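K.L.:
Please see the structure below; I have some questions.
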Amino acid sequence: MKKALIICAGGMSSSVIAKKTTEYFRERGKAIELDATSASQGAATIAKDDYDLYLVSPQTKMYFANLEKAAIKHQRPIVNIPPQAYVPIPMGIEKLAAVVEQNIK
């Protein structure tokens with residue numbers, strides 16, 4: 001099972017998006033799971049090295065450089081989520097799923 005983590009401001013909106021994207025992958029027989037955390041916990045969570053991919057939400061992109069340093073240290077990819085892929089509707093979930101599939105190792 002591959003795992004990706006969404007890092008956002010408070011972790012609330014991203015929790016919904018993570019759940020819907022995980023369901024999207026399950027419905028298609030893909031073993032990819034998404035979780036979410038807040039930006040304040042982002043670097044600490046990356047340091048645990050439990051995920052294959054880190055995704056930074058549009059509202060927390062200002063933290064990307066610091067989070068990227070932590071991800072690089074653990075040789076994990078990290079990407080900014082495009083705004084159109086950060087919407088909990090089917091079109092947004094499909095776009096986020098595509099971002100995950102393109103970047104997860």
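K.L.:
Identify all residues within region 9-21 that are at pLDDT 95 or above and open to solvent by less than 10 Å² (accessible area, probe 1.4 Å); write none if there are none.
P.N.:
17, 18, 21
K.L.:
Output yes when any residue across region 27-34 is part of a helix (DSSP H, G or I), charged (D, E, K, R) and open to solvent by 20 Å² or more (accessible area, probe 1.4 Å), and no when none is.
P.N.:
Yes, because at least one residue in region 27-34 is part of a helix (DSSP H, G or I), charged (D, E, K, R) and open to solvent by 20 Å² or more (accessible area, probe 1.4 Å).
K.L.:
If the Cβ limit is 7 Å and pairs must be 6+ apart or interchain, which residue in region 74-95 that is under 18 Å from residue 3 (Cβ atoms) pairs with which residue that is part of a loop (DSSP other than H, G, I, E, B)?
P.N.:
Close Cβ pairs (under 7 Å, with a partner that is part of a loop (DSSP other than H, G, I, E, B)) amount to 74/49; 76/51; 76/52; 77/105; 81/57.
K.L.:
Considering only region 47-66, how many residues are over 18 Å from residue 15 (Cβ atoms) and either open to solvent by less than 20 Å² (accessible area, probe 1.4 Å) or of a type in the set (Gly, Ala, Ser) (or both)?
P.N.:
Here the count works out to 2.
The values are calculated or read from the model by the stated rules, or taken from the named source; none is laboratory data. If you're wondering where the values come from, they're calculated on a predicted model, not measured in any experiment. Cβ atoms come from the backbone with ideal geometry, glycine included; neighbour counts cover every protein chain shown. Heads up: the accessible areas ignore ligands, DNA and RNA and are worked out on the full protein's heavy atoms, side chains in. Shrake-Rupley method; radii C 1.70, N 1.55, O 1.52, S 1.80 Å.
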